[in-house]
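Have a look at the structure below before the remarks.
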Ligand code: UN1
C-alpha cells in the first residue's frame, strides 16, 4: 500500500498530522489509488494569509539581505538532508522516475545556494550624470508578497526557483501548488518552517501554502496586496491570469507551455544525439514544458536515425518507477493526459503520420494508472497536432533539406520556450544561435532542449509568456527599481540644459 509509505514519508518530512485531513483526495499516478487527504484553503483563509504576508513583508524588507540569505541557506541545508524522502514523495505524487524525483530536489538545493550568494549581490548601477556635482544610482527594493502558482510536473522545484529569489529579495511567498500535488508542497512548507525556527526571528506568514483549485488561484490573482504573481501552467491559463494581472497593473512572470524542437544536422555526433533525443522526448514521460516534441532531421541521415530511435523507443522500460532504476518512463499524470495523447496520435494519423508506439501499457493491478509507451511519429509535414503542445511523450519527426527552411519551420509555432541543434559545423551552430536562428528563450547546442540548470534565466517567448525565473538576473523581477539623482552642489543645473530662472527677490 502506497498510502502507508506516504504516511511515513510525511512523518519523516515533518508534516503535522492535522494537515493530512480534508475533503480533497490526493492520488498517486503510480497506482491511481488515494494516498492521503488534505484540506483546501477557503477564500477567507486565503485573504487572511495575504494579510499575514503583508505584515511579514513590513518586517522582512528591513532585514539585511545577507541575513535573509541565511534563512535560505538553512532551507538548502535541510533540503540536502531530506533529498531522498522528498524525492521519493515527488515520485509517488507526480510519477517521476526516482532519479528525476531526486534531481528535482537537487534543483531546489542548487537554487538555494545561488540565492544565498545573490543575497550579497543585489547590485544596482551608479550612472554618470550629465550635470556637474550630481550622481545617479539605482537601488533595488523588495516589492511585496509574491504569489506562486505551480504545476504538477515540477511540483517543488519551480516553487523554489521563485521562493529562494523572492525571499532573499525581501518578499514573502504565497504558494498555490497544483491540486494534483499538494503533499510535496506541504512537505516543503514543513521544511521551510523548520529552517525558519532554526534561523529565529522569522515573521509568521513569510511562506504559506494555499491548497485548492481555481478559486484559490483567482483570489491571489485578484488581490491588490499581491504585486507580483509567478505562474507556471498552460497557455490558456496564463492568458487569463496575465490579462487579469495587467488590468490591475500587477506584475507577472508567466512560464507557460512549450512546443520545443531540435534540428539534427548531417555533421552531428549521432550517438550523442540519440541519447539526448531519447531523454528530452521521453523524460518525465513527456510532461516537461521543455520536453522535445518536434525533431527536424537532415534527409541524408534521417532514415538511419529514425531506425535507431525506433529501436530505443521499443526497448525503453515503461512502468512503476519504484520497481527499479531500469524503468525510464513512469506513468502519465491521469486519464485526461492519456486521452489527450491518444487524440493527438489519431489526428496525426489523419495527417498522414506513421506512428510507432504510443499505446497503453496495461498495469492489470492498477486500472486507474496510465502507463504508455512513448510515441515516435514520422510526419510528412508540420501540420495538425504538431503545431500544439500535448503534454505526453510524443515525438514528431520530420525531414529537412536546407537549414534555413528548417529554422523557419522550427520557429513556426506559437510557443517559444526551448530549442536545440545537433551539429559540429560552427556555421550551422552560430546561425541557430544568431538573431535569425531559434526564436526561443533557450537555445542549446549538442544537448536536448530540457534539463536546464538553475544558473541561467529560465523562460521563453511568444505564447510561453515571456517570463524569466531562476538564474542570471531573473531576481530583478522580484524587486522594484528606484532611480535616484543626488545633487551635492549648490547650484541647480537642469537636465537637457533647460533654463527656468525664477525671480527669488
Ligand atoms: C517545467 O517543465 O515546468 O529544464 C520546468 C527542465 C527543468 C525545468 C522544467 N529544469 O527540464
Among (1) buried (at least 18 other Cβ atoms within 10 Å of the Cβ); (2) modelled with pLDDT under 95, the one test that residue 428 misses: (2)
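Yes/no matrix, rows are residues, columns are (1) assigned by TED's automatic domain parsing to the domain that holds residue 151; (2) closer than 24 Å to residue 321 by Cβ; (3) surrounded by fewer than 23 Cβ atoms within 10 Å (Cβ to Cβ):
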{"site": "266", "(1), (2), (3)": "no, no, yes"}
{"site": "276", "(1), (2), (3)": "no, yes, no"}
{"site": "280", "(1), (2), (3)": "no, yes, no"}
{"site": "285", "(1), (2), (3)": "no, yes, no"}
{"site": "294", "(1), (2), (3)": "no, no, no"}
{"site": "299", "(1), (2), (3)": "no, no, yes"}
{"site": "302", "(1), (2), (3)": "no, no, yes"}
{"site": "308", "(1), (2), (3)": "no, no, yes"}
{"site": "311", "(1), (2), (3)": "no, yes, yes"}
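For residue 183, indicate whether it is crowded, with 23+ Cβ neighbours inside 10 Å, assigned to a helix (DSSP H, G or I) and in contact with a helix residue (DSSP H, G or I) (Cβ under 9 Å, 6 or more places away or on another chain). Write out each step before concluding.
Values: crowded, with 23+ Cβ neighbours inside 10 Å: yes; assigned to a helix (DSSP H, G or I): yes; in contact with a helix residue (DSSP H, G or I) (Cβ under 9 Å, 6 or more places away or on another chain): yes.
Spelling it out, residue 183 is indeed crowded, with 23+ Cβ neighbours inside 10 Å, assigned to a helix (DSSP H, G or I) and in contact with a helix residue (DSSP H, G or I) (Cβ under 9 Å, 6 or more places away or on another chain).
Which residues, taken from the range 431-449, are within 15 Å of the ligand (Cβ to nearest atom) and either within 20 Å of residue 252 (Cβ to Cβ) or surrounded by fewer than 24 Cβ atoms within 10 Å (Cβ to Cβ) (or both)? Let's see the steps before the verdict.
Of the range 431-449, the ones within 15 Å of the ligand (Cβ to nearest atom) are 440-444, 447-449.
Scanning the range 431-449 gives 440, 441, 442, 443, 447.
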Could you check the range 155-171 and list, in sequence order, the residues that are closer than 19 Å to residue 254 by Cα and part of a loop (DSSP other than H, G, I, E, B)? 155, 156, 171
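Can you tell me how many residues within the range 7-37 are outside any loop (DSSP other than H, G, I, E, B), in contact with a strand residue (DSSP E or B) (Cβ under 9 Å, 6 or more places away or on another chain) and either at pLDDT below 95 or surrounded by 21 or more Cβ atoms within 10 Å (Cβ to Cβ) (or both)? Before the answer, list the steps.
Quick first cut of the range 7-37, residues outside any loop (DSSP other than H, G, I, E, B) only: 7-13, 17-19, 24-27, 34-37.
Next cut, in contact with a strand residue (DSSP E or B) (Cβ under 9 Å, 6 or more places away or on another chain) only: 7, 10, 19, 24-27, 34-37.
Narrowing the set further to residues that are either at pLDDT below 95 or surrounded by 21 or more Cβ atoms within 10 Å (Cβ to Cβ) (or both) leaves 10, 19, 26, 35-36.
The number of residues fulfilling the criteria is 5.
Yes/no matrix, rows are residues, columns are (1) part of a helix (DSSP H, G or I); (2) within 18 Å of the chain's Cα centre (by Cα); (3) over 19 Å from residue 148 (Cβ atoms); (4) modelled with pLDDT under 95:
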| position | (1), (2), (3), (4) |
| --- | --- |
| 54 | yes, no, no, no |
| 59 | yes, no, yes, no |
| 62 | no, no, yes, no |
| 77 | yes, no, yes, no |
| 90 | yes, yes, no, no |
| 116 | yes, no, yes, no |
Restrict the check to the range 147-154 and report whether at least one residue is closer than 24 Å to residue 64 by Cα, in contact with a strand residue (DSSP E or B) (Cβ under 9 Å, 6 or more places away or on another chain) and in a strand (DSSP E or B). yes
Considering each of 238, 258, 283 in turn, give the residue that is part of a loop (DSSP other than H, G, I, E, B), within 20 Å of residue 389 (Cα to Cα), touching a strand residue (DSSP E or B) at 6+ places or on another chain (Cβ under 9 Å) and within 16 Å of the ligand (Cβ to nearest atom). 258
Looking at (1) more than 16 Å from the ligand (Cβ to nearest atom); (2) part of a loop (DSSP other than H, G, I, E, B); (3) farther than 14 Å from residue 38 by Cβ; (4) in contact with a strand residue (DSSP E or B) (Cβ under 6 Å, 6 or more places away or on another chain), which one does residue 208 not meet, given that it meets all the others? (2)
Residues of the range 391-412 satisfying the condition of being crowded, with 23+ Cβ neighbours inside 10 Å and part of a loop (DSSP other than H, G, I, E, B): 391, 392, 393
Residues being in contact with a strand residue (DSSP E or B) (Cβ under 6 Å, 6 or more places away or on another chain), within 16 Å of the ligand (Cβ to nearest atom) and assigned to a helix (DSSP H, G or I): count how many of those fall in the range 286-318. 0
Where residue 111 falls short, out of the listed (1) crowded, with 23+ Cβ neighbours inside 10 Å; (2) in a helix (DSSP H, G or I); (3) out of contact with any strand residue (DSSP E or B) (no Cβ under 7 Å at 6 or more places or on another chain): (3)
Scanning the range 344-359 residue by residue, those under 29 Å from the mean Cα position of the chain (by Cα) and within 14 Å of residue 313 (Cα to Cα) turn out to be 357, 358, 359
When you go through (1) under 22 Å from residue 184 (Cα atoms); (2) touching a strand residue (DSSP E or B) at 6+ places or on another chain (Cβ under 7 Å); (3) assigned by TED's automatic domain parsing to the domain that holds residue 152 one by one for residue 61, which number turns out not to apply? (1)
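Inspect all residues belonging to the range 42-49 and state whether any of them is surrounded by 16 or more Cβ atoms within 10 Å (Cβ to Cβ) and under 25 Å from the mean Cα position of the chain (by Cα). If you could, list the steps in order and put the result at the bottom.
Let us first name the residues in the range 42-49 that are surrounded by 16 or more Cβ atoms within 10 Å (Cβ to Cβ), namely 45-46, 49.
Going one step further and asking which of them are under 25 Å from the mean Cα position of the chain (by Cα), we end up with 46, 49.
Yes, some residue in the range 42-49 is surrounded by 16 or more Cβ atoms within 10 Å (Cβ to Cβ) and under 25 Å from the mean Cα position of the chain (by Cα).
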Give the residues of the range 450-462 that are more than 9 Å from the ligand (Cβ to nearest atom) and either touching a residue at least 40 places away in the same chain (Cβ under 8 Å) or more than 13 Å from the chain's Cα centre (by Cα) (or both), sorted by residue number. 455, 459, 460, 461, 462
Could you run through the range 463-489 and say how many residues are more than 16 Å from the ligand (Cβ to nearest atom), assigned to a strand (DSSP E or B) and crowded, with 20+ Cβ neighbours inside 10 Å? 1
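The values are calculated or read from the model by the stated rules, or taken from the named source; none is laboratory data. Predicted model, so just to flag it, every value in this text is computed and none were measured. FYI the Cβ positions are ideal-geometry reconstructions off the backbone, even for glycines, and counts take in every protein chain you see.
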